[in-house]
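Read-outs: derived from the displayed coordinates by stated rules, not from any lab. Computed from a prediction, not measured in an experiment: that's the story for all the values here. Cβ coordinates were reconstructed from backbone atoms using ideal geometry, including for glycine residues, and neighbour counts include every protein chain displayed.
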Amino acid sequence: MKQEQFKEEALPLRAQLLFYAQRLLNNPEDAEDVVQEVFLKLWYMRDELGAYNSVPALSVQITKRLCLNRINARQRRGEGLDAVNPASDLLTPEALLEQKDSVTHVMRIIAQLPALQQTILRMRHIDGFEVEEIAALTGSAPEAVRMNLSRARKKVKETFFKMQS
């Protein structure tokens, strides 16, 4: 892929990727860093981009992975969910601990889902994409997106309630 073609295909995705990263990270500076990393990765992969069905879907996947890596690094450093949820100071310590445990359990359950279901679930509920937008980005039919979304929700719900009982 030549530089001009890269500019035409990849650079228009910047606003969407930045929005996505900001929603996941809740930190504009980190989101900007992630988007820059995404474009670097895409640039280094430019010769292989033709092998992918959808450059936008690939970009979203790379953004998601980089954001998750940053969130995991935050948690390892001890910043935890307070960095993601600034309203947490309104909760009692017990309620805060319970909320963090619940969120951690749900994130672990989601991480165990098949990759496509993980992606669709996060795009729908974290990023706020509509089913048709997800279908366009993933190259799937809207019915397939709805089916995967339903299966993912059901699995998360069942697993979470099994863990709670």
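Round to the nearest 0.05 the FRET efficiency obtained for residue 151 and residue 102 when R0 = 22 Å and r is the Cβ-Cβ distance. Intermediate results must be reported in sequence, preceding the final value.
On the way: r = 21 Å, r/R0 = 0.97.
The formula returns an efficiency of 0.55 here.
Set the Förster distance to 45 Å, then compute FRET efficiency between residue 6 and residue 126 from the Cβ-Cβ distance, nearest 0.05. Walk me through the numbers before you get to the answer.
Numbers: r = 28 Å, r/R0 = 0.62.
Efficiency at R0 = 45 Å is approximately 0.95.
If I require 27 Å or longer along the helix axis, counting alpha carbons, and a Kyte-Doolittle average no lower than -1.0, what helices from the chain are left? Use full DSSP H segments.
Numbers: long enough: 55-76 (31 Å, -0.19); 93-112 (29 Å, -0.08); 142-164 (33 Å, -0.91).
Qualifying helices: 55-76, 93-112, 142-164.
What does the charge count around residue 6 come to, taking other residues whose C-beta lies under 14 Å from its C-beta (Lys +1, Arg +1, Asp -1, Glu -1)?
Details: positive: 2, 7, 14, 41, 46; negative: 4, 8, 9, 47, 48.
My count for the surroundings of residue 6 gives 0.
Which pairs, out of 41/155; 41/157; 64/100, put more than 31 Å between their alpha-carbon atoms? Walk me through the numbers before you get to the answer.
Working: 41/155 33 Å; 41/157 35 Å; 64/100 21 Å.
In this structure, 41/155; 41/157 exceed 31 Å between Cα atoms.
Candidates (i) -0.90, -1.24; (ii) -1.02, -1.47; (iii) -1.02, -1.30; which is the computed log10 I(q)/I(0) by the Debye sum over Cα atoms at q = 0.16, 0.19 Å⁻¹?
The listed entry that was calculated here is (iii).
If I take every Cα pair under 8 Å that is 6 or more residues apart in the chain, average their sequence separation and divide by the length, what percent do I get for the relative contact order?
Numbers: 113 pairs, mean separation 35.4, N = 165.
Once divided by the residue count of the chain, the mean separation gives 21 percent.
Tell me what the chain gives for mean residue ellipticity at 222 nm when only DSSP H runs of n ≥ 4 count, each as -39,500 (n - 2.57), the sum divided by the residue total, rounded to 500 deg cm²/dmol. The partial results should precede the final answer.
Working: 8 runs with 120 residues, N = 165.
My calculation for the chain gives -24000 deg cm²/dmol from helical runs alone.
Between region 119-165 and region 14-47, what is the C-alpha centre distance in whole Å?
When both Cα centres are located, 22 Å separates them.
Output the relative contact order of region 90-165, whole-number percent, from Cα pairs under 8 angstrom with separation of 6+ residues.
Values: 39 pairs, mean separation 24.9, N = 76.
So the answer I get is 33 percent.
Would you mind computing, in nm to one decimal, how far apart the modelled labels at residue 23 and residue 94 are, each placed 7 Å from Cα along Cα→Cβ?
Label at residue 23, label at residue 94, 3.5 nm between them.
For the pair residue 43 and residue 161, how long in nm is the line joining their label points, each one 7 Å along Cα→Cβ?
Using points 7 Å along Cα→Cβ, the separation is 5.0 nm.
Pairwise over distinct Cα atoms, reciprocal of the mean inverse distance: report the Kirkwood radius of region 1-84 in Å, one decimal place.
On the way: mean 1/r = 0.0752 Å⁻¹.
Roughly 13.3 Å, rounded to one decimal.
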